[in-house]
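The values are calculated or read from the model by the stated rules, or taken from the named source; none is laboratory data. Since this is a predicted model, take the numbers as computed values, not measurements. In this analysis, Cβ positions are derived from the backbone assuming ideal geometry, glycine residues included, and neighbour counts consider all displayed protein chains. Just so you know, the surface numbers come from the protein's heavy atoms only, side chains and all, with ligands and any DNA or RNA stripped out. Shrake-Rupley method; radii C 1.70, N 1.55, O 1.52, S 1.80 Å.
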Amino acid sequence: MRITVTVNGTTRSADCEPRRTLADLLRYDLGLTGVHVGCEQGACGSCTVLLDGATARSCCVLAVQAEGCDITTVEGMATTSLNPLQESFRRHHALQCGFCTPGMLAVATELLRDNPAPTEAEIRTAIAGNLCRCTGYHAIVTAIAAAARGGDGGSPPPPPGA
């Protein structure tokens, strides 16, 4: 089947079998290798992208289901320099091997769009579906909180009700 999607602001068309996943289409047909595939069943979150503005596990979405949709991958989150969230991840060492980072950035982007001032608990809840084996999550939470505050220092967000 021929499908057309908008990926990172560019309209792209590709031929694919109806059983092909969106992750495979993005990685192998469109060359967007920032979409990582870990578990291939939606449990790890490494393949998370923004699909019409909402996070989606691209390994669980068929490419044909994305026909006409707007998709943002990590490659589309910044143009010539890192966006503030990516810069915060860099500054706060919120990545090590980098495998989970694209999915974490997608989830954090959605969180901060919908809740510009999340608490630490809200951040931890938002990223709970994305597995990281390297960082222990503390640096990721710190980076998201700092980005929410506009990049200041890195102290944790205030506790709920503060």
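If the condition is being within 18 Å of the chain's Cα centre (by Cα) and hydrophobic (A, V, I, L, M, F, W, C), then the stretch 6-22 contributes VAL7, LEU22. Within the stretch 102-117, residues that are closer than 23 Å to HIS36 by Cα sit with their Cβ atoms under 6 Å from residues that are among the hydroxyl-bearing types (Ser, Thr, Tyr) and open to solvent by 40 Å² or more (accessible area, probe 1.4 Å), at 6+ positions apart or across chains, in these pairs: ALA106/THR55; VAL107/THR55; GLU110/THR55.
For the stretch 12-49, the set of residues classified as more than 17 Å from ALA128 (Cα to Cα), part of a strand (DSSP E or B) and either in contact (Cβ under 8 Å) with a residue 24 or more places away in the chain or in contact with a Phe, Trp or Tyr (Cβ under 7 Å, 6 or more places away or on another chain) (or both) consists of ALA14, THR21, listed by residue number.
Name, by its number, the condition in (1) open to solvent by less than 10 Å² (accessible area, probe 1.4 Å); (2) out of contact with any Pro (no Cβ under 9 Å at 6 or more places or on another chain) that does not hold for CYS47. Going through the list (1) open to solvent by less than 10 Å² (accessible area, probe 1.4 Å); (2) out of contact with any Pro (no Cβ under 9 Å at 6 or more places or on another chain), CYS47 breaks only (2).
Scanning the stretch 86-94 turns up at least one residue that is part of a loop (DSSP other than H, G, I, E, B), crowded, with 18+ Cβ neighbours inside 10 Å and of a type outside the set (Ser, Thr, Tyr). Here the condition is being open to solvent by 20 Å² or more (accessible area, probe 1.4 Å) and touching a Pro at 6+ places or on another chain (Cβ under 8 Å); of THR119, THR73, THR55, THR109, it holds for THR119 alone. Check THR6, THR10 and return the single one that is more than 21 Å from LEU112 (Cβ to Cβ), open to solvent by 70 Å² or more (accessible area, probe 1.4 Å) and modelled with pLDDT of 95 or more. Among THR6, THR10, only THR10 is more than 21 Å from LEU112 (Cβ to Cβ), open to solvent by 70 Å² or more (accessible area, probe 1.4 Å) and modelled with pLDDT of 95 or more.
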